[in-house]
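Visitor: Got a structure for you, written out below as structure tokens; questions coming shortly.
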Amino acid sequence: MSFSKYTNIDIKEIFGILKTQEQGLSQKEAVLRQKEYGLNEIKVKNVNIIDILTRQFKSPFFYLLFAAAVISFLIGKRIDGLAVLAFVIINVVIGFFQEYRAERAVFLLKKFIPQQVKVLRGGAQEFIEKKELVPGDIVLLEAGDIAPADLRVIKTHNFFIDESVLTGESAPVFKNYNEMLFAGTSVVSGKGHAVVVATGKGTFFGNIIKIISNENKQSSYEKNILYFSKLILRIVFTTISLIFLANIILKGTSGILEFLLFSVALIVSILPEALPAVVTFALAKGSLKMAREHVVVKRLSAIEDLGNIEILCADKTGTLTQNKLSLEKIVTSDKKKCLLYGILSSGETSNEKKVLNPFDSAILKRASEEMLRSAKKFNIVFELPFDSFRMKSSVVSENLKERVLIVKGAPENILKHCARLRISQCSSYGGQVKFKKLKEDIAREGIEGKRVLAIAYKKLSASHDLAALSASDERGLTFLGYFVFEDPLKTTAKEAIELSKKLGVDIKVITGDSKQVAGYVAKKTGLIQNSADVISGEQLEKMSAEDFEDACERERVFARISPELKHKIIKTLQIRHEVGFMGEGVNDAPALKTANVGIAALEAADIAREASDVVLLKKDLRVIVNGIKDGRAIFSNINKYIKCALASNFGNFYSIAVISLFINFLPMLPVQILLANLLSDFPLILIATDSIDIEELKKPKMYQLHMVLPLIISLALVSAIFDFIFFAIFFRQAPAVIQTLWFIESILTEILLIFIIRARGEFWKAKRPSFWLFFFTIIDAIFIVALPFLPFGQNWFHFVALPILPLLIVFLSVGAYFAVSEFVKLVYFHYFKPKILS
């Protein structure tokens, strides 16, 4: 699209070209244009079914299994070859199904986060979904918004734009009323009206966004699994190569192809080939569960980051408190004037119907019909919205008699710019009031948990140039009074803080509110013992770098914190910890980007949601803490699979490989090894649904898999010893009987290992396993024992019907294995106490 034609012409000409007007399009016209131009979205190529299916054939597991099938056909074992091909198909289907579920999960999660835009339609302000925007729409923008399309600016006030996504320059750019605003850029400060000139793929930024949308990040956990898998592969290939050479040396080259098939099957048996399925199943299931609990991750790997959080930084408003403000009282000598100016300072009497913040809404609810009629007689001719840097907002209102600048905000910020007080006749003070007494009274309200907004004003002359209005005009004000608001605590706050302590998550409150209010709320919710244990931004700014770092570690409640200081606190905490930060304003974007996990509520500014990794559908501390717990639980279950699969597989791998050197038949046929591998993985996949003891989630985890290698090796050693004991008992039996018994023993021990590994403590004291894990474990065990007695098992897998006595000996052996493995686990966790547990 050529945008230059919109930059140097009068706005009336633009309205003519786009066939629109300053009041916006009618609803009927907007619907017609949507049919003409389509939705305002860039169609990014989604991963389709063919792509997912193709990926299953690019797996090393597929190549190994396919090689095993080819070798089977070469040595004339067609039934074995067909059985191996069946395993290939089963593995492809499982991998495809789980990966498709994960892709669907990401698609569904995106639907939880609709992007809304404020527009004028038929002269009325309303919110619509970004995708419904059409050329000719009039868009209303303010700090924190992201430009939803290519726009021509038609009206501005103090309008600065961050164009770094286009230019790479971080410095905000001032935009005048005759300039262009491109999709993807964000509003840093001020307000503006703009008309849509291009949408969707017609925008200047369309192609770039398309490229960015296809970008996939690899999480540290994924990298860790890749590294761990390569390590296991190297160990396995080295071992099997040595065993293969030893067999040739000891037995010669006769039957070499059959032993090659056996070696390939052994390699497949030890690799945790169900790991991709377990990971995708756990992440997809977990992400949708979290979404139902109001936590939406923007990428599945963010679940890992969420679980890693050691310190969570959040504001108190909306997390600890309900953010449902009620105006409790007005302290002033002129209540009528104070309330009127409070209404005017909201800008509500301007031509647009405004969406008010909770403070302004509470003031408006107190106003009588007569007061509202009085407010309608004023026009708002200038407005500077609340800014967390300045901690105040300003408006200029006028009627036929006067023009007045009204400033409202944090009491200390208002008082320092006041030349005189207007509350001297207020009965609660009696006589001349001094600033000191006023500050003490305001502080007392904060100590009781009340929130206070002060209001002051200054009359301006009719000739005052509003375009040149600056911060210097906000000095020499007359203090009119203050509003006292009550914000009830959330009933879930105390419960959330208790849960965070159990999880080992340190909560830190970083707020723009006063020390008194922050201290009151933090004490009431059990975060601190003494309401005076609060540090202010002013105190922090005076500290040395070393003292600042100590204060960030030590303190739990930070009050009157500016956005720059908030960012600095997050960066300081990150030196030693994994930090999550919850923010919602435009000025929180740097801290959200810097934090290990950025968390934003659904109602947060566009730029805050864009910078975040996690979006909360419900702003509540309990929701965040539950999200951390769920994140840890998901990866704890994945690690259970890895530990269980490797511990049992390593033991069986080495025992079978070594024993194969000393007998003149294979201890287990290749097709039996592959079947055992499949059947043992069947209940293991369901471990992703398992319940978790809170003790298992106490410490944040980095999920470094090499940290659990000592436990894996210990349990593998137990498995190998029992395999040798088994062979010592049954070595005089016929080869088919040994192969059948070993098949049953190896799978049953692996299934039981699930119930050993799923808890660090005694297995009988652990939380009850999930229904599906328990149910399919029982079904799997019954099928394994029954298979040798079925014609299908005998014809396809060469099993034989077993006598009762050997079978009972196997069951006793499995029970003894379970007892010894449980003992080894308890000793390991009692004496070694590894730093990172899952």
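Visitor: For residues that are in contact (Cβ under 8 Å) with a residue 60 or more places away in the chain, farther than 28 Å from Lys629 by Cβ and in a helix (DSSP H, G or I), tally how many sit in the stretch 521-561.
Guide: Residues flagged as in contact (Cβ under 8 Å) with a residue 60 or more places away in the chain, farther than 28 Å from Lys629 by Cβ and in a helix (DSSP H, G or I) within the stretch 521-561 amount to 0.
Conditions tested, residue by residue: (1) of a type outside the set (Ser, Thr, Tyr); (2) touching a helix residue (DSSP H, G or I) at 6+ places or on another chain (Cβ under 8 Å); (3) open to solvent by 30 Å² or more (accessible area, probe 1.4 Å).
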| position | (1), (2), (3) |
| --- | --- |
| Leu741 | yes, yes, no |
| Ile751 | yes, yes, no |
| Lys765 | yes, no, yes |
| Leu790 | yes, no, yes |
| Asn795 | yes, yes, yes |
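Visitor: Which one is farthest from Val827 (Cα to Cα) among residues in the stretch 767-778 that are open to solvent by 10 Å² or more (accessible area, probe 1.4 Å) and touching an Asp or Glu at 6+ places or on another chain (Cβ under 7 Å)?
Guide: The residue in question is Ser770.
Visitor: List the residue pairs whose Cβ atoms are under 6 Å apart, where the first residue sits in the stretch 653-671 and is more than 19 Å from Ile249 (Cβ to Cβ) and hydrophobic (A, V, I, L, M, F, W, C), the second is open to solvent by 10 Å² or more (accessible area, probe 1.4 Å) and part of a loop (DSSP other than H, G, I, E, B), and the two are 6 or more positions apart or on different chains.
Guide: Every condition considered, the pairs that remain are Leu669/His798.
Visitor: Does Ile256 satisfy the criteria of being at pLDDT below 75, more than 20 Å from Asn677 (Cβ to Cβ), open to solvent by less than 70 Å² (accessible area, probe 1.4 Å) and among the hydrophobic types (A, V, I, L, M, F, W, C)?
Guide: yes
Visitor: Still on this structure: Across the stretch 364-384, what is the number of residues that are of a type outside the set (Phe, Trp, Tyr), open to solvent by less than 50 Å² (accessible area, probe 1.4 Å) and in contact (Cβ under 8 Å) with a residue 40 or more places away in the chain?
Guide: Count: 2.
Visitor: Which condition from (1) at pLDDT below 85; (2) of a type outside the set (A, V, I, L, M); (3) over 30 Å from Leu503 (Cα atoms) is the one that Ser719 breaks?
Guide: Result: Ser719 passes all but (1).
Visitor: Between Tyr817, Tyr828, which is crowded, with 17+ Cβ neighbours inside 10 Å, touching a Phe, Trp or Tyr at 6+ places or on another chain (Cβ under 8 Å) and in a helix (DSSP H, G or I)?
Guide: Tyr817
Visitor: Is one or more of the residues making up the stretch 519-536 open to solvent by 20 Å² or more (accessible area, probe 1.4 Å), at pLDDT 90 or above, of a type in the set (A, V, I, L, M, F, W, C) and closer than 29 Å to Arg576 by Cβ?
Guide: No: zero hits.
Visitor: Would you tally the residues in the stretch 573-618 being of a type in the set (D, E, K, R), under 16 Å from Asp315 (Cβ atoms) and in contact with an Asp or Glu (Cβ under 8 Å, 6 or more places away or on another chain)?
Guide: The number of residues fulfilling the criteria is 2.
For every residue, the table says whether it meets (1) out of contact with any Lys or Arg (no Cβ under 6 Å at 6 or more places or on another chain); (2) closer than 28 Å to Thr572 by Cα.
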| position | (1), (2) |
| --- | --- |
| Ile455 | no, no |
| Thr492 | no, no |
| Leu499 | yes, yes |
| Gly504 | no, yes |
| Gly512 | yes, yes |
| Val517 | no, yes |
| Gly526 | no, yes |
| Leu540 | yes, yes |
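Visitor: Among the numbered conditions (1) at pLDDT 80 or above; (2) open to solvent by 10 Å² or more (accessible area, probe 1.4 Å); (3) not in a helix (DSSP H, G or I), tell me where Leu340 comes up short.
Guide: (3)
Visitor: Checking Gln672 against (1) in a helix (DSSP H, G or I); (2) open to solvent by 10 Å² or more (accessible area, probe 1.4 Å); (3) not hydrophobic (A, V, I, L, M, F, W, C), which test does it fail?
Guide: (2)
The values are calculated or read from the model by the stated rules, or taken from the named source; none is laboratory data. What you see is a predicted model; the values in this text were computed from it and never measured. Methodologically, a virtual Cβ is constructed for each residue, glycine included, from the backbone with ideal geometry; neighbour enumeration extends over all protein chains shown. Each accessible area value is taken on the protein alone, full model and side chains, heavy atoms only, with ligands, DNA and RNA left out. Shrake-Rupley method; radii C 1.70, N 1.55, O 1.52, S 1.80 Å.
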